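Report on one structure; see the data block that follows.
The values are calculated or read from the model by the stated rules, or taken from the named source; none is laboratory data. For clarity, every value in this text was computed on a predicted model and none was experimentally measured. Because the Cβ atoms are built from the backbone with ideal geometry, glycine has one as well, and the counts that use them run over all protein chains shown. The protein model used for the area step is the full one, side chains on, heavy atoms only, and it has no ligands, DNA or RNA in it. Shrake-Rupley method; radii C 1.70, N 1.55, O 1.52, S 1.80 Å.
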Amino acid sequence: MQGEGLITEKAGRIMKKKNRRNLWISVSMLTAFVMWTMAVRFLDVKSIGPKGSCVGFASVNALVHKLTGVHMVLYHITDWLGLVPIFVALGFGLLGLIQWIKRKKLSKVDYSVWILGGFYVAVVTVYVLFETVTVNYRPVLIDGILETSYPSSTTLLVMSVMPTAMMQFHSRIKNVTLRKWLSRIITAFVIFMVAGRVASGVHWFTDIVGGALLSAGLVMMYRYFVKLKE
């Protein structure tokens with residue numbers, strides 16, 4: 001029995017060490033996002049956008065935008081598919097509500113669902129923040145309007161909601177084959193959405209990178225708090 005206790009204790013220490021790595025990755029990604037944002041705001045800023053709007057890393061952004069061109073059909077496809085992660089998030093919100101009703105206490109809702117709810121609040125908060133604080137504008141007019149562009153909100157939404165959904169599915173679905181197929185489908189969906197936003201030409205390249213860094217930092221922070229319970 002004592003030997004089993006020592007093994008369990010050692011396994012616990014290993015898990016804690018691995019989880020601290022998740023925290024450090026999260027902090028590193030979020031720090032990289034802040035530094036990237038400052039660089040976009042102040043480095044190589046030129047008036048290359050519509051209506052004389054300025055953007056950082058102008059040389060790189062102008063080159064990528066020239067290579068991709070503008071494809072509004074792809075923009076609309078990825079825009080409509082952006083509803084998928086919203087419905088996924090609503091689905092997990094419904095799961096939390098059902099657990100609350102069945103178990104009759106909020107405190108009995110799964111810990112991971114609570115953390116997921118807090119994660120969604122964080123994603124919405126940063127989304128609203130960058131809707132009010134403009135770093136740069138889109139490289140094209142949308143319905144004649146010059147919209148804020150940084151970070152790419154679609155990239156942020158897809159790369160935040162879908163990976164955390166994959167983690168939830170992994171812990172809730174017992175069928176290994178089904179889990180694998182869901183992981184493949186979600187991965188393919190995320191890749192298509194991010195690549196589609198780049199290719200559509202409705203964002204600067206730096207907008208996509210910013211959205212990816214921010215979502216990676218938030219997802220790893222979610223992973224840290226979920227694993228903390230384990």
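Just one of VAL209, VAL202 is aliphatic (A, V, I, L, M), under 23 Å from ALA62 (Cα atoms) and in contact with a His (Cβ under 9 Å, 6 or more places away or on another chain); which is it?
After applying the criteria, what remains is VAL202.
Can you find, within region 154-182, the residue that is farthest from ALA212 (Cα to Cα) among those that are open to solvent by 50 Å² or more (accessible area, probe 1.4 Å) and polar (S, T, N, Q)?
ASN175
Would you tally the residues in region 164-210 being hydrophobic (A, V, I, L, M, F, W, C) and closer than 16 Å to SER153 by Cβ?
Total meeting the criteria: 9.
Inspect all residues belonging to region 95-107 and state whether any of them is at positive phi and open to solvent by 40 Å² or more (accessible area, probe 1.4 Å).
Scanning region 95-107 turns up at least one residue that is at positive phi and open to solvent by 40 Å² or more (accessible area, probe 1.4 Å).
If I filter region 32-53 down to residues being in contact (Cβ under 8 Å) with a residue 40 or more places away in the chain and in a helix (DSSP H, G or I), which single residue comes out as surrounded by the fewest Cβ atoms within 10 Å (Cβ to Cβ)?
Ranking the qualifying residues of region 32-53, first place goes to LYS51.
Scan region 63-86 residue by residue and report those that are over 15 Å from VAL209 (Cα atoms) and open to solvent by less than 60 Å² (accessible area, probe 1.4 Å).
THR68, GLY69, LEU74, TYR75, THR78, LEU81, GLY82, VAL84, PRO85
Which one of these is at pLDDT 90 or above, assigned to a helix (DSSP H, G or I) and aliphatic (A, V, I, L, M): VAL126, VAL140?
Of VAL126, VAL140, the one residue that is at pLDDT 90 or above, assigned to a helix (DSSP H, G or I) and aliphatic (A, V, I, L, M) is VAL126.
Rundown of residues vs (1) in contact with a Ser or Thr (Cβ under 7 Å, 6 or more places away or on another chain); (2) of a type in the set (Asp, Glu); (3) at pLDDT below 95, yes/no style:
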site	(1), (2), (3)
ILE145	no, no, yes
THR148	yes, no, yes
LEU182	no, no, yes
VAL198	yes, no, yes
VAL219	yes, no, no
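In the list LEU156, LEU116, LEU178, which residue meets the criterion of being under 22 Å from THR68 (Cα atoms), assigned to a helix (DSSP H, G or I) and in contact with a Phe, Trp or Tyr (Cβ under 9 Å, 6 or more places away or on another chain)?
The unique qualifying residue is LEU156.
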